[in-house]
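Here's the structure we're looking at; comments come further down.
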Amino acid sequence: MNKLQEQFQPAPLDVLIIGAGLSGIGAARALIDKCPDKRYLILERRQAIGGTWDLFRYPGIRSDSDMYTLGYSYKPWVGRKAIADGPDIKRYIEDIADEAGVTHNIRFGHQVVSASWCSEQALWTVLVRVTDAAGRQRDEQLQARFMSFCSGYYSYDEAYRPEFPNEAEFTGQIIHPQFWPEDLDCRGKRVVVIGSGATAVTLVPALAEQGAQVTMLQRSPSYVVSRPLVDGVAQRLQRWLPLPLAYHLTRWKNVLLGQYFYRLARNKPQRVRAYLLHLLQRQLGSAVDIKHFSPSYNPWDQRVCAVPDGDLFHMLRAGQIDIATDTIDHFTAQGIQLSSGQELEADIIVTATGLKLNSMGDVQVLVDGKTVNPGDCMAYKGMMLSDVPNLILTFGYTNASWTLKAELTANYMARLLRHMDKKGARIAVAPRDPAVAELPFLNFTSGYVQRAAEILPKQGDRPCWQVSQNYLADKYVIQYGKLDDGVLQLQ
């Protein structure tokens with residue numbers, strides 16, 4: 001069947017996967033392992049594998065999740081760094097694709113514009129815009145019985161970029177990390193990084209290491225914790241045990257610790273807040289005012305940022321970088337005038353102000369001629385949209401590694417396809433139940449989530465419609481729970 005897959009055939013595909021990042025490659029691997037008879041293709045709008053880890057190129061780009069949980073269960077992470085750099089993660093994804101024989105089933109430069117479902121045919125008809133090496137474009141159509149959206153949750157074309165007063169007066173460069181210039185030289189330059197999230201705490205130390213004079217400017221603080229760059233337990237286990245076993249033990253150790261601290265933070269927020277601030281005070285010493293790392297919200301109301309081996313704190317203590325907590329009054333020719341009256345002089349201003357979320361890669365989805373607005377749908381098990389047949393949506397955790405949920409989702413899709421074959425069903429759909437009350441898809445106060453509340457699907461107040469942030473609970477329900485649960489309908 002792999003040989004047949006190498007050559008595109010006009011007959012409808014069994015599965016069309018959108019996106020060749022961590023989720024898309026994982027979905028393909030699940031099909032190869034569990035549904036080897038299924039014909040599939042991956043469509044990737046960019047010209048390379050990697051998704052997020054191919055798009056972002058700013059200095060220091062890395063994950064804030066450990067690689068023992070960001071990696072897949074079947075592909076042990078062999079790198080020494082537990083918190084890996086972007087290029088290393090990209091190579092990890094490429095290795096999975098090559099080892100599984102996925103790479104030749106990827107069509108690069110293929111952007112999905114629309115997907116239209118026909119219930120009579122039980123098929124998706126997909127309009128694809130193809131861009132060749134010379135930049136010429138043409139449109140193609142594909143048909144598939146099943147769609148797997150692995151396109152992430154944010155726009156590749158736009159970032160969240162608020163406008164600041166008098167920006168035009170600034171005589172230096174203004175850069176957003178999502179569109180980092182390859183030839184930018186920051187040595188000896190005064191750089192102000194606006195932001196306090198994962199991107200900012202990554203960029204600031206990296207730019208300082210390049211020789212820039214860096215100030216981190218934040219409107220409000222975030223929780224930032226130090227995590228070991230190298231997992232000592234993992235290294236010891238690898239010396240004494242076979243690599244797959246050592247990897248699985250480390251993976252479960254990190255999963256359980258992560259779940260424990262998250263639940264503790266939700267149940268006893270003041271206790272966890274006090275503990276985090278105690279750790280921060282030890283990291284910062286007397287050289288840095290702890291107010292810069294004392295958020296007004298509770299831990300895990302927003303994602304907690306991680307810095308490897310406390311690099312940000314070390315540089316702050318040593319005076320290699322500065323931090324300011326204030327609001328921007330306006331830009332000046334030389335930099336930024338703060339509301340307090342202080343002026344931060346800059347040659348370069350980096351707006352690490354966040355992502356712009358989208359839904360399903362901005363693909364127009366229609367079911368029997370009616371446009372589907374994901375914001376009007378309810379998420380079934382966090383993976384399917386109500387009343388949208390034969391479509392799986394991959395959306396990872398906010399409190400743990402994205403891949404943990406992505407792997408469960410890919411395995412569920414393969415399990416569902418086998419079950420449909422056994423039952424002789426062509427269609428799987430979860431009809432919306434009007435008796436189920438709506439709740440926000442994500443219980444998160446981060447700005448990027450709040451800004452996208454209208455475009456994200458809803459979750460419900462009953463188990464099958466709830467979006468769990470608990471990997472252990474999801475593993476039981478998704479991997480072992482009944483497929484015929486009284487909600488999902490097979491036709």
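The values are calculated or read from the model by the stated rules, or taken from the named source; none is laboratory data. The model shown is predicted, which means the values in this text are computed figures rather than measured ones. All Cβ positions, glycine included, derive from the backbone under ideal geometry; neighbour counts span all protein chains shown. Heads up: the accessible areas ignore ligands, DNA and RNA and are worked out on the full protein's heavy atoms, side chains in. Shrake-Rupley method; radii C 1.70, N 1.55, O 1.52, S 1.80 Å.
Before moving on, here are some points about what is shown:
- Scanning segment 162-193 for residues that are open to solvent by less than 20 Å² (accessible area, probe 1.4 Å) and either of a type in the set (S, T, N, Q) or not assigned by the TED database to the domain that holds ASP322 (or both) turns up just one, GLN178.
- In this structure, ILE349 does not satisfy being outside any loop (DSSP other than H, G, I, E, B) and closer than 30 Å to GLU44 by Cα.
- Within segment 440-461, the residues that satisfy the criterion of being at pLDDT 80 or above and not in a loop (DSSP other than H, G, I, E, B) are LYS458, GLN459, GLY460.
- If the condition is being part of a loop (DSSP other than H, G, I, E, B) and either crowded, with 16+ Cβ neighbours inside 10 Å or outside the structural domain of LEU43 (by the TED database) (or both), then segment 93-108 contributes only VAL102.
- Any hit, segment 222-229, residues being farther than 30 Å from PRO76 by Cβ and either at pLDDT 95 or above or of a type outside the set (A, V, I, L, M, F, W, C) (or both): yes
- Verdict on ALA82 being open to solvent by less than 30 Å² (accessible area, probe 1.4 Å) and touching an Asp or Glu at 6+ places or on another chain (Cβ under 8 Å): yes
- For segment 335-346, the set of residues classified as assigned to a strand (DSSP E or B) and either open to solvent by less than 10 Å² (accessible area, probe 1.4 Å) or closer than 11 Å to GLY172 by Cα (or both) consists of GLY335, ILE336, LEU338, GLU345, listed by residue number.
- Scope segment 254-300; condition open to solvent by less than 60 Å² (accessible area, probe 1.4 Å) and under 16 Å from SER401 (Cα atoms); matching residues: ASN254, VAL255, GLY258, GLN259, TYR262, TRP300
- Count - residues of segment 232-251 that are surrounded by fewer than 15 Cβ atoms within 10 Å (Cβ to Cβ) and either in contact (Cβ under 8 Å) with a residue 24 or more places away in the chain or hydrophobic (A, V, I, L, M, F, W, C) (or both): 6
- Residue in segment 421-432 that is farthest from VAL388 (Cα to Cα), counting only those that are open to solvent by 20 Å² or more (accessible area, probe 1.4 Å) and touching a Ser or Thr at 6+ places or on another chain (Cβ under 8 Å): ARG432
- Contact map, segment 462-491: residues that are within 25 Å of TYR72 (Cβ to Cβ) and in the same structural domain as GLU407 (by the TED database) paired with residues that are acidic (Asp, Glu) and at pLDDT below 95, Cβ distance under 8 Å, separation 6+ or inter-chain. Pairs shown: SER468/ASP474.
The rows are residues; the columns are (1) touching a helix residue (DSSP H, G or I) at 6+ places or on another chain (Cβ under 7 Å); (2) hydroxyl-bearing (Ser, Thr, Tyr); (3) within 29 Å of HIS278 (Cβ to Cβ).
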site	(1), (2), (3)
GLN302	no, no, yes
ALA306	no, no, yes
GLN320	yes, no, yes
ILE328	no, no, no
SER340	no, yes, yes
THR351	no, yes, no
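- Residue that is most open to solvent (accessible area, probe 1.4 Å), among those in segment 316-334 that are closer than 18 Å to GLY197 by Cβ and part of a loop (DSSP other than H, G, I, E, B): THR327
- Candidates are the residues of segment 383-415 that are more than 23 Å from LYS75 (Cβ to Cβ) and over 16 Å from the mean Cα position of the chain (by Cα); the one that is most open to solvent (accessible area, probe 1.4 Å) is ASP387.
- Taken as a whole, the structure leaves ALA115 outside the set of residues that are closer than 18 Å to ILE17 by Cα and in contact with a Pro (Cβ under 9 Å, 6 or more places away or on another chain).
- Out of LYS75, LYS38, LYS90, sole residue that is out of contact with any strand residue (DSSP E or B) (no Cβ under 7 Å at 6 or more places or on another chain), outside any helix (DSSP H, G or I) and outside the structural domain of LEU229 (by the TED database): LYS75
- GLN111 meets the conditions (1) in a loop (DSSP other than H, G, I, E, B); (2) over 19 Å from the mean Cα position of the chain (by Cα); (3) not acidic (Asp, Glu) in every case but one. The failed one is (1).
- Considering residues of segment 118-141 that are within 21 Å of GLY21 (Cα to Cα) and modelled with pLDDT of 90 or more only, the residue most open to solvent (accessible area, probe 1.4 Å): ARG129
- Filter result for the condition that a residue is modelled with pLDDT of 95 or more, buried (at least 16 other Cβ atoms within 10 Å of the Cβ) and in contact with a strand residue (DSSP E or B) (Cβ under 8 Å, 6 or more places away or on another chain), over ALA159, ALA115, ALA206, ALA198: ALA115
- Test set (1) farther than 17 Å from PHE146 by Cα; (2) crowded, with 23+ Cβ neighbours inside 10 Å; (3) among the β-branched types (Val, Ile, Thr) - ILE61 fails condition number: (2)
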